[in-house]
Amino acid sequence: MDIVVQQVLTHIVGFLLLLWLLRKYAWGPILQLLEDRRIKIAADLSEAAVSKEAAGRLQQEYVVKIRDVEKESVARVQAAVFEGERVAREIVASARKEADLLLEKAKENIKGEVAMARVQLRNDIAEMVIATTQKVIRKRMDAAQDRELILQYMDELK
(Lines give C-alpha, C1' and ligand atoms only; values in the text may rest on other atoms or scores of the structure.)
Protein backbone atom coordinates (compact mmCIF):
# COMPACT_ATOMS: atom_id res chain seq x y z
CA MET A 1 0.00 0.00 0.00
CA ASP A 2 1.68 2.83 -1.22
CA ILE A 3 0.34 6.14 -0.22
CA VAL A 4 0.70 8.74 -2.78
CA VAL A 5 0.92 12.10 -1.09
CA GLN A 6 -0.04 14.04 -4.11
CA GLN A 7 -3.19 12.04 -4.51
CA VAL A 8 -4.07 12.43 -0.80
CA LEU A 9 -3.51 16.15 -1.01
CA THR A 10 -5.73 16.34 -4.07
CA HIS A 11 -8.45 14.45 -2.23
CA ILE A 12 -8.11 16.74 0.80
CA VAL A 13 -8.27 19.87 -1.36
CA GLY A 14 -11.21 18.48 -3.31
CA PHE A 15 -13.00 17.55 -0.10
CA LEU A 16 -12.39 20.99 1.42
CA LEU A 17 -13.55 22.64 -1.80
CA LEU A 18 -16.69 20.49 -1.75
CA LEU A 19 -17.32 21.44 1.89
CA TRP A 20 -16.88 25.12 1.10
CA LEU A 21 -19.27 24.90 -1.90
CA LEU A 22 -21.82 22.95 0.09
CA ARG A 23 -21.61 25.42 2.97
CA LYS A 24 -21.94 28.44 0.72
CA TYR A 25 -24.67 27.18 -1.61
CA ALA A 26 -26.38 24.15 -0.08
CA TRP A 27 -26.29 24.38 3.72
CA GLY A 28 -27.87 27.83 3.87
CA PRO A 29 -30.96 26.85 1.89
CA ILE A 30 -31.13 23.44 3.60
CA LEU A 31 -30.78 25.01 7.04
CA GLN A 32 -33.32 27.69 6.07
CA LEU A 33 -35.68 24.99 4.83
CA LEU A 34 -35.21 23.07 8.09
CA GLU A 35 -35.74 26.25 10.12
CA ASP A 36 -38.89 27.11 8.15
CA ARG A 37 -40.14 23.57 8.69
CA ARG A 38 -39.36 23.80 12.44
CA ILE A 39 -41.25 27.12 12.68
CA LYS A 40 -44.22 25.70 10.76
CA ILE A 41 -44.32 22.61 12.98
CA ALA A 42 -44.11 24.80 16.11
CA ALA A 43 -46.91 27.00 14.76
CA ASP A 44 -49.01 23.94 13.91
CA LEU A 45 -48.41 22.51 17.40
CA SER A 46 -49.32 25.86 18.95
CA GLU A 47 -52.42 26.05 16.80
CA ALA A 48 -53.32 22.47 17.75
CA ALA A 49 -52.89 23.33 21.43
CA VAL A 50 -55.12 26.38 21.02
CA SER A 51 -57.68 24.28 19.14
CA LYS A 52 -57.50 21.58 21.81
CA GLU A 53 -58.00 24.19 24.52
CA ALA A 54 -60.93 25.70 22.61
CA ALA A 55 -62.41 22.23 22.15
CA GLY A 56 -62.03 21.62 25.89
CA ARG A 57 -63.83 24.88 26.65
CA LEU A 58 -66.58 24.04 24.16
CA GLN A 59 -66.93 20.60 25.69
CA GLN A 60 -67.26 22.14 29.16
CA GLU A 61 -69.82 24.62 27.83
CA TYR A 62 -71.77 21.81 26.21
CA VAL A 63 -71.68 19.79 29.42
CA VAL A 64 -73.00 22.82 31.31
CA LYS A 65 -75.66 23.42 28.67
CA ILE A 66 -76.69 19.75 28.72
CA ARG A 67 -76.99 19.90 32.52
CA ASP A 68 -79.08 23.07 32.22
CA VAL A 69 -81.29 21.44 29.60
CA GLU A 70 -81.66 18.35 31.79
CA LYS A 71 -82.54 20.51 34.79
CA GLU A 72 -85.02 22.46 32.70
CA SER A 73 -86.58 19.27 31.35
CA VAL A 74 -86.86 17.87 34.89
CA ALA A 75 -88.44 21.14 36.00
CA ARG A 76 -90.88 21.03 33.08
CA VAL A 77 -91.79 17.42 33.83
CA GLN A 78 -92.34 18.29 37.49
CA ALA A 79 -94.42 21.30 36.49
CA ALA A 80 -96.47 19.10 34.17
CA VAL A 81 -96.95 16.55 36.96
CA PHE A 82 -98.02 19.27 39.38
CA GLU A 83 -100.35 20.72 36.76
CA GLY A 84 -101.79 17.27 36.10
CA GLU A 85 -102.33 16.71 39.81
CA ARG A 86 -103.97 20.14 40.11
CA VAL A 87 -106.26 19.40 37.17
CA ALA A 88 -107.08 16.00 38.67
CA ARG A 89 -107.94 17.64 42.00
CA GLU A 90 -110.12 20.18 40.18
CA ILE A 91 -111.87 17.40 38.27
CA VAL A 92 -112.45 15.42 41.48
CA ALA A 93 -113.70 18.54 43.28
CA SER A 94 -115.96 19.39 40.35
CA ALA A 95 -117.27 15.83 40.24
CA ARG A 96 -117.93 15.87 43.98
CA LYS A 97 -119.67 19.23 43.72
CA GLU A 98 -121.77 17.97 40.83
CA ALA A 99 -122.56 14.77 42.74
CA ASP A 100 -123.57 16.83 45.77
CA LEU A 101 -125.80 19.01 43.58
CA LEU A 102 -127.37 15.92 42.01
CA LEU A 103 -127.89 14.44 45.46
CA GLU A 104 -129.54 17.63 46.70
CA LYS A 105 -131.71 17.77 43.60
CA ALA A 106 -132.65 14.12 44.08
CA LYS A 107 -133.51 14.81 47.73
CA GLU A 108 -135.67 17.74 46.69
CA ASN A 109 -137.36 15.61 44.03
CA ILE A 110 -137.94 12.88 46.61
CA LYS A 111 -139.41 15.40 49.04
CA GLY A 112 -141.69 16.72 46.30
CA GLU A 113 -142.70 13.17 45.32
CA VAL A 114 -143.32 12.29 48.99
CA ALA A 115 -145.43 15.41 49.42
CA MET A 116 -147.36 14.58 46.25
CA ALA A 117 -147.75 10.98 47.41
CA ARG A 118 -149.05 12.16 50.78
CA VAL A 119 -151.54 14.45 49.05
CA GLN A 120 -152.57 11.63 46.72
CA LEU A 121 -152.77 9.19 49.64
CA ARG A 122 -154.81 11.67 51.62
CA ASN A 123 -157.18 12.13 48.68
CA ASP A 124 -157.39 8.37 48.11
CA ILE A 125 -158.13 7.74 51.79
CA ALA A 126 -160.78 10.47 51.71
CA GLU A 127 -162.36 8.84 48.64
CA MET A 128 -162.28 5.42 50.29
CA VAL A 129 -163.79 6.74 53.50
CA ILE A 130 -166.51 8.50 51.52
CA ALA A 131 -167.26 5.34 49.57
CA THR A 132 -167.28 3.27 52.73
CA THR A 133 -169.40 5.77 54.56
CA GLN A 134 -171.88 5.90 51.69
CA LYS A 135 -172.21 2.17 51.72
CA VAL A 136 -172.74 2.16 55.44
CA ILE A 137 -175.21 5.01 55.47
CA ARG A 138 -176.61 4.28 52.03
CA LYS A 139 -177.05 7.86 51.65
CA ARG A 140 -174.94 10.21 49.69
CA MET A 141 -174.18 13.59 51.11
CA ASP A 142 -172.72 16.48 49.22
CA ALA A 143 -169.23 15.41 47.90
CA ALA A 144 -167.55 18.69 48.80
CA GLN A 145 -168.92 18.51 52.36
CA ASP A 146 -167.82 14.88 52.66
CA ARG A 147 -164.38 15.68 51.53
CA GLU A 148 -164.04 18.71 53.82
CA LEU A 149 -165.27 16.71 56.80
CA ILE A 150 -162.81 13.87 56.19
CA LEU A 151 -159.85 16.20 55.60
CA GLN A 152 -160.57 17.99 58.87
CA TYR A 153 -160.73 14.65 60.62
CA MET A 154 -157.40 13.57 59.14
CA ASP A 155 -155.78 16.87 60.15
CA GLU A 156 -156.97 16.24 63.70
CA LEU A 157 -155.40 12.75 63.65
CA LYS A 158 -151.95 14.19 62.85
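The values are calculated or read from the model by the stated rules, or taken from the named source; none is laboratory data. Keep in mind that what you see is a predicted model, and the values were worked out from it rather than measured. Using ideal geometry, Cβ is built from the backbone for each residue, glycine included, and neighbour counts are taken over all protein chains shown. To get the accessible areas, we keep the full protein, side chains included, count just its heavy atoms, and leave off ligands, DNA and RNA. Shrake-Rupley method; radii C 1.70, N 1.55, O 1.52, S 1.80 Å.
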Check your understanding: Roughly what angle does helix 143-157 make with the longest principal axis of the chain, taking Cα atoms, 0 to 90 degrees, to the nearest 10?
Key -> 70 degrees
Revision key, fill the gap. In whole Hz, the Karplus estimates of ³J(HN,Hα) for the range 94-107 (6.51, -1.76, 1.60; θ = phi - 60°; x where Gly or Pro) are 5, 5, 5, 4, 5, 5, 4, 4, 5, 5, 4, 4, 5, 4
Check your understanding: Suppose R0 equals 30 Å; then what is the FRET efficiency for W20 and A43 from their Cβ-Cβ distance, rounded to the nearest 0.05?
Key -> 0.35
Exercise for review: In nm, give the distance between the simple-model label positions of V129 and A54, each being 7 Å from the Cα along the Cα-to-Cβ direction.
Suggested key: 11.0 nm
Study note, to complete from the structure: In Å², rounded to a whole number, the accessible area per residue of the range 41-158 with probe 1.4 Å is 88 Å²
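With +1 on each Lys and Arg Cβ and -1 on each Asp and Glu Cβ, how big is the dipole of the range 20-158 about its Cα centre, in debye rounded to the nearest 20?
Numbers: 26 positive and 24 negative charges, 95 e Å.
Dipole size: approximately 460 debye.
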Review point. Taking the Cα centre of the range 7-158 as the origin and placing charges on Cβ (Lys, Arg +1; Asp, Glu -1), which of V92, F15, Y62 is farthest toward the positive end of the dipole?
Key: F15
Check your understanding: Where nothing but the Cβ of Lys and Arg (+1) and of Asp and Glu (-1) is charged, how large is the charge dipole of the range 1-85 around its Cα centre, in debye to the nearest 20?
Key -> 480 debye
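Rounded to the nearest 500, what is the chain's calculated 222 nm mean residue ellipticity when only DSSP H runs of at least 4 contribute -39500 (n - 2.57) each, over all residues? Can you show the working numbers first?
Values: 3 runs with 142 residues, N = 158.
Roughly -33500 deg cm²/dmol at 222 nm, from the helical runs in the chain.
Could you please state how large a percent of the accessible area of the chain is carbon and sulfur, counting protein chains only and using a 1.4 Å probe?
On the way: 9230 of 14450 Å².
Ligands and nucleic acids excluded, carbon and sulfur give 64 percent.
Provide Rg over Rh for the range 14-156; use the alpha carbon set for both Rg and the Kirkwood Rh (inverse mean inverse pair distance).
Values: Rg = 55.2 Å, Rh = 27.2 Å.
My calculation puts Rg/Rh at 2.03.
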Revision key, fill the gap. Quick note, the range 1-74: a/c under 1.5 would make it rounded; otherwise a/b > b/c is prolate and the rest oblate (a ≥ b ≥ c, C-alpha gyration tensor); here it is prolate
Point to revise | Degrees separating the helix 5-21 axis from the principal Cα axis of the chain, which is the longest one | key: 40 degrees
Practice item. Taking every Cα atom in the range 39-97, find the radius of gyration and the maximum pairwise distance Dmax, and write them in Å. Key: 25.0, 85
